[in-house]
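Contents: one structure, followed by commentary.
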Amino acid sequence: MFSVSSVSKSYGKNKILTYVSLSVSPGECIALLGINGSGKSTLLGILSGNIKPDSGYFGFDCQANAALLPQDNPLIPELTAIDNIRLWHPGSRKTIMNSHNMSICQSLGVDSFLDKRVSKLSGGMKKRLSLAITMMSDPDLLLLDEPLASLDLLCKNGILSYLQNYISHGGSVIIATHETSALDICNKIYTLKNGHIQLAIDRNISPGYTSPETYINLIRS
C-alpha cells in the first residue's frame, strides 16, 4: 500500500495542501479532480518524492517504488525516440530494448517510431513515448498528471487500455485529470478544493456507471 497521512504544503503564504490523507492499494486506480491550482500536481510530486511536504507522512510498503509522468513530456526534441529512452535508461540500444522494454513499446505503439526525431512526433506519440519511458522503471505506483490532455480519441483509448491492463496485473495508479473518460478506469474519485481532499465516489462500495455531468458537478462543487 502507498499512503500519505496529514500532509500539508505551502508556498509562502499560499496553502496548497492542508492535512491531506490518501492511500492506494495494489490493483487500484484513484482519480484526483480539482480546478487548476487546487494542489493535484503538488500531491503527485509529494508521492513521487520530488516535493518535500511541510508536515505529515508519506511512504510505501516494503520495497515498492513510484514513478511520475508529468503533464509536460520530459523529452528532448532534437533527439530520436530511442535516444530519449537511453537518456533515462543508460545503455546500448540492444541492452535497453530487452524483451521487457520492447513489450512496453509494442503495447503503446512506440516501436514504430523509435528512430524518429521527437520534434517530428505528434502530441499523442510524445505522450506514449513518455509513458513507455516511465513504465520501463517497472513502477508499483504510477503517478499521472493530465496524461490525456490534448490527445485524440484513438490515442486516449490506447493509453487507457494499457493502464487497465497494468492495473489488472496489480499495478497502482493515481491520476490527476480533467478528462472524464479517464475516470471510467478508476475505483475511487477524490476532489481537491481549498487544500482539502474528499472522497467523492467509491466504486468498491457503489459500482456502476457515473455520468460525465456528475464528474463536472464534483469539480464545481
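The table below lists the values:
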item: Folded to 0 to 90 degrees: helix 123-135 orientation relative to the chain principal axis, Cα; result: 80
item: Burial ranking of peptide ranges 107-114, 25-32, 153-160 (average Cβ count within 10 Å, highest at the top); result: 25-32, 107-114, 153-160
item: Exposure proxy order (Cβ contacts within 10 Å, fewest to most) of Thr177, Thr95, Thr18; result: Thr95, Thr18, Thr177
item: Loop-located trypsin sites (Lys or Arg not before Pro) in the range 3-51 whose Cβ has at most 15 other Cβ within 10 Å (DSSP); result: Lys13
item: Estimated inter-spin distance, Asp152 and Ser112, nm [label 7 Å along Cα→Cβ]; result: 1.1
item: Backbone HN-Hα couplings from phi across the range 186-202 [Karplus 6.51/-1.76/1.60, Hz, Gly and Pro as x]; result: 9, 7, 10, 10, 10, 10, 10, 8, 6, x, 10, 10, 9, 6, 9, 9, 10
item: Environment charge of Asp83, counting only residues whose C-beta is closer than 10 Å and scoring Lys/Arg +1, Asp/Glu -1; result: +1
item: Other-chain or far-sequence residues with amide H under 5 Å of Ala31's (modelled H); result: Ile175, Lys188, Ile189, Tyr190
item: Across Lys40/Lys126; Lys9/Lys188; Lys116/Lys188; Lys52/Lys94, pairs whose alpha-carbon gap is larger than 32 Å; result: Lys116/Lys188; Lys52/Lys94
item: Alpha carbon centroid spacing (whole Å) that separates the range 1-40 from the range 41-116; result: 21
item: Rounded FRET efficiency, nearest 0.05, which uses the C-beta distance separating Trp88 from Ser25 and R0 of 22 Å; result: 0.20
item: Within straight-line cross-link reach of Lys156, aspartates and glutamates at Cα separation under 17 Å, skipping those fewer than 8 residues along the same chain; result: Asp72, Asp145, Glu146, Glu179, Asp184
item: Residue-count net charge about Ile51 - beta-carbon cut-off 15 Å; Lys, Arg +1, Asp, Glu -1; result: +2
item: Share antiparallel - DSSP beta bridges, the range 100-202, percent rounded to 5; result: 55
item: Chain lengthening between Ser5 and Lys193 when straightened (0.36 nm per residue, less Cα-Cα); result: 66.0 nm
item: Highest to lowest packing among 67-78, 43-54, scored as the average C-beta count within 10 Å; result: 43-54, 67-78
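Computed from the coordinates by the stated procedures, all read-outs in this text should not be read as laboratory data. All figures in this text were calculated on a predicted structure; none of them were measured in a lab. Reconstructed Cβ throughout: ideal geometry from the backbone, glycine too, with neighbour counts over all protein chains shown.
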